[in-house]
Structures are given as structure tokens and as C-alpha cells.
Amino acid sequence: MDNNLKKVVIIDYQLGNLFSVKQACDTVGMNALISSNSEDVLNADALILPGVGAFIEAMNNLKKFGLDVAIQNKVTRGTPIFGICLGQQLLFTESEEFGAGKGLDLISGIIKRFPEAIIERKVKVPHIAWNTVFKLNQEWDNSALIDLNNNDFMYFIHSYYVKPSDDDCVLTLTNYDGIEFCSSILKNNIFATQFHPEKSADKGISIYKNWALINNLL
Amino acid sequence: MKTVRIIPRLDIKGPNLVKGIHLEGLRVLGKPSDFAKYYYEQGADELMFMDVVASLYERNSLHDIISETAKSIFIPITVGGGLRSISDIKEVLRVGADKVCLNTAAIKNPQLIKDASRMFGSSTIVVAIEAIKESNGKYLAYTDNGREYTGVDVFEWAQKVAELGAGEIVITSVDKEGTGQGYDLELVSKITNLVGIPVIVHGGAGKQDHVVDVLKDCNISSAMISSLFHYHFIKENESHASVLEGNVEFLNQKRSFHTFEPCSIEDVKRELKRNQIDCRL
């Protein structure tokens, strides 16, 4: 591995599967290390916060390893971070989920569950599907989505979604059978997606490549 | 938007892709990675690998197939067959699976669904239900590729599976599986109306219209398909080395084709679109 290559740390808080995130990083040529060690996070040039599973367990594990404070320190000082799925949700202020409490609070907003009302009208939860992403106010030219077209398909698998306090950070919206939600955000050094780019075929891999290029990680 | 998924299913025995009828009478079709790559390029929405023998000593070859696939195929991969414990699940996730599919172990020990969905997230846990219609009209759940009787009512079991925290259900009609006679619409409609989680239908597709019919009318999230696509792949790749290694003479003799009209993933998706069913194309 090239020693001059910037160090990307894929944060491992011991939930879920990081194999495909690592594969995507390797495929585009990033020097990515999977780690649960807060020292590695503090020494990283960029961070990836993946995740599947429950918000509360994820926050507990981040705290247990001292990763929460390390992430907050780095990101408030400008280190690029890429949150994926639950990893995006963890960046927000708090979850509505009973007893789940506070997130990392790097982006102001809350985490909501798809309402019971949609289940009553036979809409399935979790939302497990390829669905389209489209623009709100932000253009994608200076983002990792530069190679995407409006309404391209990305792969989703989730029951919760983020609701930012301020629409300015919204990079894409997605509509699941009548429910419109924020499916990715960009605010300065913070980029995050509800969908899984590493599971979204070539277009998804382009997001890894362009995030790495924008942040000079290659 | 509401979209459906088309999921090729690859039944694996040792290093080979196999296919049977009613989940039995397995024939070797070729090398799994060749089929997987072709389906990825054709626009498969996910892939399902099912270890149909799932004996302990063959587990390593399944692991090799998964990790080889996951290195170059960037769509979700579900792995099932013989997963009995949290540590079995951990192991297949570690080698590159995104989701796991439980059946036998879940019926024997329903708590496994709860523990696994808590530990890995609901969306990682898929439960397969193999249904056989009894002569009295009742649907009962079977395990071990439709061989083992459990006496469990399919509809009660589906509800329990959802309550225990599974993220999806795959419902297989063992009676229809591999026959190409079409899906059991009564079975799948009833299941999907009983649960709030996505339901994947498997077993019976003999032509693309069958897929359209079930996805159009039944509030089904996805169709899992093997024969239709495998036979199409073989037709399109007759000179392919991997196919020559498989025991595909039965296909070349056209004997098993008579109930099937093989088609590609793209064919199916185009037909879905023409019927106003959204999907990624």
C-alpha cells in the first residue's frame, strides 16, 4: 500500500457487515482501514461511518469504544466524514425511537420511523427497494453525486429516516409510496446517504470514487 | 415511488450451481460465479445464494463463492442454507453476505429470529417459509427443502416471524417450485396481507407473465427466480466452458423446457414496466 495515500478509517462499532464498504473503498483505490480504535479515528484523514441495526445499540457501542467523542472532535475540525444508512442517522441530534435518545448531533434534526398509517394502507416497512433520488435545492456538481442523473436508482433498506431542521443540507429526496424523505445530505465536510452506494452497482461505486476525489484521498 | 425487485436465486451444492424440481432431484448447471456475474450485468436487484445441502464440510466452498462474488458484484447478497446459530450468521456476514436467510433453525428455535434481528438489525434477517398444501387445503411449513414435516401452520408462522423481528419473508410454494406452472397466488396473497414486512415470492415461474401476474395483484415486494433465468443463461451461452461442465444434457434435449419459456432479467423488467409496475431498469 502506498504510504503517501491518505488514511481513511471505516469506523467499526461492532454492528453489521463492513465487508462491502471495504470492497467499495478498495475498488476505487482508497487506503481504508476498518477500526474500532479511537486513536485510529483521531489519526485519520477521512472517516466512513457505516451501519445497520438499531440506533440505540449503535450509540451505546460508539460510546463504549470512545468513538463518539473522537468522531465529534475530528468532524468539528473539518475532517471529511461519509455516513451510510444508520451511519447517516447517527450524525443527527436525536431519534424519535422510544428510549433511543441522542445522536452525535453534528447535523441538527431528528430520526423518524415510517408511520404506522402507511402500514395500515399496506405499505411495507422496512423499505427494501431500489428507489430514485432527486434534487431539492442543492446542485450535485460539487458533491459525490456528480456522476448521477436526477432520478437514478439507489438501493435502500431501512425503517427510519432523517428529518433535518434545515433543508439547506438536503442533497437528495426520495419518495416511498407517497412518503417523501431526505435520502442524502451534504453540509461542508459532512456527506451522508440513507441508501447504500456500495450496494447500488456502478452508480453507487461512482459515489465512493467521487467522494474520494473531492477530498483528495486518492 | 414503489418498486419491485427481481432476485435471481442460485442453489448451491458444493462448488456447483444446481437446480431441482420441488426443491429436489438436483442437476448441476455450472459455475455459480459465471451465473452471478451475468445476472449482475443484466440488472439483477439482489442475488440469493442457497446452500441446498448445507453439510458442514461443504460450508467452506460456499464461503469461497460468496467472498469471490462480493468482491466484484455491488448489489445485495443474501445467503441461506444450514445457518443454525448466531455464530453461523456472523461467519457468512463476515465473508461478504449482506443478509441471511433462515428456515429450519428458525422453526426449531424461533428465539433465533429475535436474537439475530436484535444483533444484526431486522433488515439483515430474512426468513424462508417452505409451504406445502395438504389434501385438506391447509398450508403447512416444511423444512430441509420441503422434506421435513413440522406441522406448523404457514399463516400463523408468517405472523410470528414478523413479530419476532424478521425484515423480510421468502415464501416458497414447494408444490410449484421448479414446475414452471405459475405461482400459488392464493398462498402469497394471504401471506402478504397478514404481515407488514416485505414478502418475496418464490417457486413456480415458468414464463415472464407469471412474474407480472404475481407482482401486479398481490402487493408482493419481489420475485425470486431460478429456472427461468438459469435456462436462459444456458441457452445464451451454449459454448460457455462452465456450462459444458454442467450436466445440462437434459436441457439440450429440451425435455425440461416444455413448461418453461426462459427469459432474461431485462425481458421480465421490460414486461413489468409495460404493465405499469415500477422497477429499476
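The values are calculated or read from the model by the stated rules, or taken from the named source; none is laboratory data. For clarity, every value in this text was computed on a predicted model and none was experimentally measured. Every residue, glycine among them, receives a Cβ derived from its backbone with ideal geometry; neighbour counts consider all protein chains shown. What goes into the accessible areas is simple: the full protein's heavy atoms, side chains included, and nothing from ligands, DNA or RNA. Shrake-Rupley method; radii C 1.70, N 1.55, O 1.52, S 1.80 Å.
With open to solvent by 10 Å² or more (accessible area, probe 1.4 Å) and among the β-branched types (Val, Ile, Thr) as the only criterion, which of B:Thr124, B:Thr172, B:Thr150, B:Thr192 stands out? Spell out how you get there, then give the answer.
Numbers: B:Thr124 fails: open to solvent by 10 Å² or more (accessible area, probe 1.4 Å); B:Thr172 fails: open to solvent by 10 Å² or more (accessible area, probe 1.4 Å); B:Thr192 fails: open to solvent by 10 Å² or more (accessible area, probe 1.4 Å).
Being open to solvent by 10 Å² or more (accessible area, probe 1.4 Å) and among the β-branched types (Val, Ile, Thr) holds for just one of B:Thr124, B:Thr172, B:Thr150, B:Thr192, which is B:Thr150.
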Exercise. Restricting attention to the range A:141-149, does a residue exist that is more than 27 Å from B:Ala162 (Cα to Cα), open to solvent by less than 40 Å² (accessible area, probe 1.4 Å), part of a loop (DSSP other than H, G, I, E, B) and not aliphatic (A, V, I, L, M)?
Worked result: yes
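Checking the conditions here, which among B:Arg274, B:Arg280 is at negative phi, touching a helix residue (DSSP H, G or I) at 6+ places or on another chain (Cβ under 8 Å) and modelled with pLDDT of 95 or more? Break it down into steps so the answer makes sense when it comes.
Values: B:Arg274 fails: touching a helix residue (DSSP H, G or I) at 6+ places or on another chain (Cβ under 8 Å).
Only one candidate passes the filter, namely B:Arg280.
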For this session: Select from the range A:16-53 the residues that are farther than 16 Å from B:Gly96 by Cα and buried (at least 21 other Cβ atoms within 10 Å of the Cβ) and list them in ascending order.
Result: A:Met30, A:Ala32, A:Val41, A:Ala44, A:Ala46, A:Leu47, A:Ile48, A:Leu49, A:Gly53
Exercise. Got at least one residue in the range A:163-183 being touching a strand residue (DSSP E or B) at 6+ places or on another chain (Cβ under 8 Å) and at positive phi?
Worked result: no
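Taking the stated definitions as given, is A:Ile56 open to solvent by 30 Å² or more (accessible area, probe 1.4 Å) and touching a residue at least 40 places away in the same chain (Cβ under 8 Å)?
Details: open to solvent by 30 Å² or more (accessible area, probe 1.4 Å): yes; touching a residue at least 40 places away in the same chain (Cβ under 8 Å): yes.
In short, yes.
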Problem set entry | Looking only at the range A:3-30, and only at residues there that are free of Cβ contacts under 8 Å to residues at least 60 places away in the same chain and either in a strand (DSSP E or B) or in contact with a His (Cβ under 9 Å, 6 or more places away or on another chain) (or both), the one that is farthest from B:Ser87 (Cα to Cα) | A:Lys7
For this session: Could you please tell me which pairs satisfy a Cβ distance under 6 Å, a separation of 6+ or placement on different chains, a first residue in the range B:198-210 that is within 14 Å of chain A (Cβ to nearest Cβ) and open to solvent by less than 10 Å² (accessible area, probe 1.4 Å), and a second residue that is assigned to a loop (DSSP other than H, G, I, E, B) and aromatic (Phe, Trp, Tyr)?
Result: B:Val201/B:Tyr183
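I want to confirm something. Restricting to the range A:99-140 and keeping residues that are polar (S, T, N, Q) and more than 14 Å from every other protein chain (Cβ to nearest Cβ), which single residue is least open to solvent (accessible area, probe 1.4 Å)?
The initial filter retains those residues of the range A:99-140 that are polar (S, T, N, Q), namely A:108, A:131-132, A:137-138.
This time we only want the ones that are more than 14 Å from every other protein chain (Cβ to nearest Cβ), so: A:108, A:137-138.
Working: A:Ser108: 66, A:Asn137: 109, A:Gln138: 40 Å².
Step by step, filter the range A:99-140, then rank; the result is A:Gln138.
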Exercise. Could you give every pair whose Cβ atoms fall below 7 Å, whose first residue belongs to the range A:152-179 and is within 14 Å of chain B (Cβ to nearest Cβ), and whose second residue is among the hydrophobic types (A, V, I, L, M, F, W, C) and open to solvent by 20 Å² or more (accessible area, probe 1.4 Å), counting only separations of at least 6 or pairs across chains?
Worked result: A:Thr172/A:Phe134; A:Leu173/A:Phe134; A:Leu173/A:Leu136; A:Asn175/B:Met1
Exercise. On the given criteria, is B:Asp88 among the acidic types (Asp, Glu), open to solvent by 20 Å² or more (accessible area, probe 1.4 Å) and touching a residue at least 60 places away in the same chain (Cβ under 8 Å)?
Worked result: no
For this session: Starting from residues that are within 12 Å of another protein chain (Cβ to nearest Cβ) and surrounded by fewer than 20 Cβ atoms within 10 Å (Cβ to Cβ), keep the ones in the range A:182-204 and report whichever is farthest from B:Ala70 (Cα to Cα).
Result: A:Lys203
For this session: Could you identify the single residue in A:Ala54, A:Ala44 that is away from chain B (no Cβ under 14 Å) and aliphatic (A, V, I, L, M)?
Result: A:Ala44
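Please verify whether A:Lys63 is closer than 21 Å to A:Ala32 by Cα, assigned to a helix (DSSP H, G or I), of a type in the set (D, E, K, R) and free of Cβ contacts under 8 Å to residues at least 40 places away in the same chain, treating the condition exactly as stated.
Values: closer than 21 Å to A:Ala32 by Cα: no; assigned to a helix (DSSP H, G or I): yes; of a type in the set (D, E, K, R): yes; free of Cβ contacts under 8 Å to residues at least 40 places away in the same chain: yes.
No.
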Seminar exercise, completed: Those residues of the range B:1-15 which are away from every other protein chain (no Cβ under 14 Å), open to solvent by less than 20 Å² (accessible area, probe 1.4 Å) and not in a loop (DSSP other than H, G, I, E, B) amount to B:Pro8, B:Arg9, B:Leu10, B:Asp11, B:Ile12
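Every residue, every condition in (1) more than 13 Å from chain A (Cβ to nearest Cβ); (2) farther than 21 Å from B:Met224 by Cβ, yes or no:
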{"position": "B:Leu17", "(1), (2)": "yes, no"}
{"position": "B:Leu29", "(1), (2)": "yes, no"}
{"position": "B:Glu46", "(1), (2)": "no, no"}
{"position": "B:Val52", "(1), (2)": "yes, no"}
{"position": "B:Ser61", "(1), (2)": "yes, yes"}
{"position": "B:Val79", "(1), (2)": "no, no"}
{"position": "B:Ile89", "(1), (2)": "no, no"}
{"position": "B:Leu93", "(1), (2)": "no, no"}
{"position": "B:Gly96", "(1), (2)": "no, no"}
For this session: Would you mind finding the one in B:Ala116, B:Ala131 that is outside any helix (DSSP H, G or I), free of Cβ contacts under 8 Å to residues at least 60 places away in the same chain and of a type in the set (A, V, I, L, M, F, W, C)?
Result: B:Ala131
Problem set entry | Pairs with Cβ under 8 Å, 6+ apart, first in the range A:188-206 and on the phi > 0 side of the Ramachandran plot, second aliphatic (A, V, I, L, M) | A:Ala201/B:Ile75
